[in-house]
Amino acid sequence: MKWNSLLTAACAVATTVAALNTGVADNDVDGLLAALNVTASSARTAAAKVSKETLACNILELAMPQVGYRAGDSSYEALRTGNWAQNAWLHPGCVVTPTDTRQVQIAVLVARVVGSRFAVRSGGHNPNAGWSNTDGGVLVDMAFINEVTVAADKKSAVVGTGRRWIEVYEALEPHGVVVVGGRVAPVGVGGLLLGGGLSYLSNEAGVAADNILAYELVTASGALTTASATQNRDLFWALKGGTSNFGIVTRFTLRTLPMGRVWGGYRVYAYTQAPAIVAAMAAYQASGEADRKSAVCAQLVPTNATLFVTFLHTAPSDAMPAAFAAFRDIPALVDTTRAQSWVAFHADAPGGSVPRWGFRTTTVKLDAALYAAALDIVDAESKALGNVQAGTLVYVLQPISRNVVQQGVDKGGNALGLAKTQQMWISLTTGWNLAADDATVHAIAKTIEAKISRAAKAAGKFLPYQFMSDAASDQDVLASYGAANHARLVRVARKYDPSGVFQKLQLGGFKLSPKAFVCPNF
């Protein structure tokens, strides 16, 4: 781009923003610069011969100096390293922390018109590098878009995308309600909801996305848009699992459920109990999960010879509910299960301490024999992590009932393409210390997943669906939704983002094929 083109781009951004938000007319350059408190001379300095990313950062610094940070600023390092996994720490050219939707609009318009790469971060829990951070581009950190407002009738709540789930639950608890949200306390709202989202309430209410009543989002045009069952219905469907391909969601209106005290917690077992636990998971699926108030998740850690099982039942009790009968006689080393509040249940959860993490996923149908065979694969192949400093494998079993799938149908449909059968969403969560081991650990996880998937295919129990929240960057999650759903997602994205801004400039996240879009002519 030539110097004049860069300046024109800067002015076009400012003109559009001013017209949308201050009443300044298009092409009134002096008026728009005044509206953004940007002088003509500083605009020309911003448009000096620099990269598109640097230009975008220069313009944003002029337009929103109070919410922009660059290397050397006091807050930059904390923002740069705000992701959960160290392997997701990158070096953005600048970080903007919008406090209202207008500032999100400005960030989108700057990126689009200038052609700058950008990333968006809600909570930053996904460990895939570049998913919610960027090297050199603009990082839009949504932490201050964080309201939690309960409707007067307490049947819904508006939640900002930058909130963490534990904060949402704390805000809702005084109202006696809860939303179908994340299971891990510090996870951000936005990423989980846009990927479908699994909750301890899913057995009763479906995935988290099935309980979204409306989305407020900024599309590639810079417009603030609402998607719901009555407005932009095609976009509403696509956002239920279609992730960041359509815009930046600023707020969600979520269906609430009444919630008091619950029975739950986790139990720690010796790893020698792994076969019994895996068998109990199959037995729970066969009968216990019919109690829709129940939920269970097993985390087996062969690399440190232990395992955890988390239980939840939304009816308080003094003893383990009958839904979990298959686990009752397996001796535990530690037992934290008890009657407690929803917030206390989520706040008291085991966690890991290694700095680097990775995810990988596969899905299989309910089958006790296959579960046992998969455990054998995990035990054998995880030994390779013994050559990795702090090498860790957490083998996570997440049972999905038929009702989880049916809730999606009953609530208008989603993009996930889930089979109407009992299934297990398997997560292979890896942890380690050193960047030098990144490729090795990734390869080990890939081998384990491939062998489990092959065993499932041989048994006729494989399902193509990949749970986005647990997927590796090289897994084609959106294709796993099925050809028809994928094609429908592409059509919606073309409609709301015809130039492919969220395919080609926001590089992080699971994307629809960039070939389906025409590049903007910058």
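The values are calculated or read from the model by the stated rules, or taken from the named source; none is laboratory data. Every value quoted in this text rests on a predicted model; they were computed, and no experiment measured them. So basically every Cβ, Gly included, is an ideal-geometry build from the backbone, and we count neighbours across all protein chains shown. Please note that ligands, DNA and RNA were not included when accessible areas were found on the heavy atoms of the full protein model with its side chains. Shrake-Rupley method; radii C 1.70, N 1.55, O 1.52, S 1.80 Å.
Considering all projection directions equally, how large on average is the shadow of the alpha-carbon convex hull of segment 328-391, in square nanometres?
Orientation-averaged projected area of the Cα hull: 7.4 nm².
Trypsin sites (Lys or Arg not before Pro) within segment 271-380: which are DSSP loop residues with at most 13 other Cβ atoms inside 10 Å?
ARG328
Nearest 500 deg cm²/dmol is fine: what mean residue ellipticity at 222 nm does the chain get from its DSSP H runs of n ≥ 4 alone, each adding -39,500 (n - 2.57), divided by its residue count?
-9500 deg cm²/dmol
Suppose we keep just the alpha-carbon trace of segment 184-232; what are its Rg and Dmax in angstrom?
My reading of the Cα-based Rg and Dmax gives 12.8, 38 Å.
Please report the projected area of segment 46-192's Cα convex hull averaged over all directions, in nm².
Taking a quarter of the hull surface, the average projection is 9.4 nm².
In Å, the Kirkwood hydrodynamic radius of segment 443-515 over pairs of distinct alpha carbons?
14.0 Å is the Kirkwood radius here.
So, in nm, how far is label THR226 from label ALA487 when the simple model puts each one 7 Å beyond its Cα toward the Cβ?
3.3 nm
Can you tell me the length gained on complete extension of the stretch LYS495 to HIS175, counting 0.36 nm per residue apart and subtracting the Cα distance?
Going from the current span to full extension adds 111.3 nm.
Starting from the 7 Å offset along Cα-to-Cβ, what nm value, one decimal, do you get for the label separation of VAL268 and ASP379?
2.2 nm
Which of the helices in the chain meet the span-like rule: DSSP H, Cα axial reach of 15 Å or more, Kyte-Doolittle mean at least -1.0?
Within the chain the helices that satisfy the rule are 3-21, 52-63, 101-114, 274-286, 368-381, 438-458, 483-496.
Within the P(r) computed for segment 288-366, what percentage of the Cα pairs occupies the region above 15 Å?
Values: 2066 of 3081 pairs.
For segment 288-366, the share of Cα pairs beyond 15 Å comes to 67 percent.
Rg and Dmax in Å for segment 350-443, alpha carbons only: what are they?
For segment 350-443, the Cα-based Rg and Dmax read 16.4, 49 Å.
Using a 1.4 angstrom probe on the protein heavy atoms only, could you order VAL148, VAL95 from most to least accessible area?
Ranked list, largest accessible area first: VAL148, VAL95.
Sorted by mean Cβ packing within 10 Å, highest first, what order do the peptides 346-354, 429-437 take?
So the peptides 346-354, 429-437, ranked by packing, come out 429-437, 346-354.
Suppose R0 equals 35 Å. What FRET efficiency, 1/(1 + (r/R0)^6) with r the Cβ-Cβ distance, do ARG255 and ALA71 give to the nearest 0.05?
Efficiency for this residue pair is about 0.25.
List the residues of segment 300-321 whose backbone N lies under 19 Å from a point placed 7 Å from the Cα of ASP335 along the Cα-to-Cβ direction.
Counting backbone N atoms under 19 Å from the label point, the list is 307-321.
Binned at 5 Å from 0, what are the whole-percent values of the Cα-Cα distance distribution for segment 279-416, short to long?
The distribution over segment 279-416 is 2, 8, 16, 19, 19, 17, 12, 6, 2, 0, given as percents.
Given a 1.4 Å probe and the protein chains all in place, what does the accessible area of HIS91 round to, in Å² to the nearest 10?
Spelled out: HIS91, probe radius 1.4 Å, area about 110 Å².
Per residue, how much accessible surface does segment 128-217 expose to a 1.4 Å probe? Answer in Å², no decimals.
Value for segment 128-217: 29 Å² per residue.
In Å, the Kirkwood hydrodynamic radius of the chain over pairs of distinct alpha carbons?
It works out to 23.9 Å.
Any chance you could run the full-extension gain for LYS365 through GLN406? It's 0.36 nm times the residue separation minus the Cα-Cα distance, nm to one decimal.
13.2 nm
Ignoring everything but the protein chains, give the 1.4 Å probe accessible area of THR99 in square angstrom, nearest 10.
For THR99, solvent-accessible area is about 70 Å².
Leaving ligands, DNA and RNA out of it, work out the accessible area of ASP376 with a 1.4 Å probe and give it in Å² to the nearest 10.
For ASP376, solvent-accessible area is about 100 Å².
For segment 96-142, just say rounded, prolate or oblate: build the C-alpha gyration tensor, square-root its eigenvalues into a ≥ b ≥ c, call rounded for a/c under 1.5, and beyond that prolate if a/b exceeds b/c, oblate if not.
Taking the square roots of the gyration eigenvalues as a ≥ b ≥ c, segment 96-142 is oblate.
Which length gain, in nm to one decimal place, applies between ASP234 and ALA344 when the Cα-Cα distance is subtracted from 0.36 nm times their residue separation?
Full extension of this stretch gives 35.8 nm more.
If I take every Cα pair under 8 Å that is 6 or more residues apart in the chain, average their sequence separation and divide by the length, what percent do I get for the relative contact order?
Relative CO of the chain lands at 14 percent.
If I compute solvent accessible area with a 1.4 Å probe over the protein chains, what percent of it on the chain is carbon and sulfur? If you can, show how the numbers build up before the last one.
On the way: 10320 of 19580 Å².
Carbon plus sulfur share of accessible area: 53 percent.
What ranking of PHE345, PHE462 comes out by heavy-atom accessible area, probe 1.4 Å, highest first?
The ranking, largest first, comes out as PHE462, PHE345.
Based on the alpha-carbon gyration tensor of segment 391-522 and its eigenvalue square roots a ≥ b ≥ c, which shape applies: rounded if a/c is under 1.5, prolate if not and a/b is larger than b/c, or oblate?
Note, shape of segment 391-522 comes out oblate.
Based on the Cβ-Cβ distance of VAL184 and ASN387, what FRET efficiency does E = 1/(1 + (r/R0)^6) give at R0 = 25 Å, to the nearest 0.05?
Working from the Cβ atoms, E equals 0.30.
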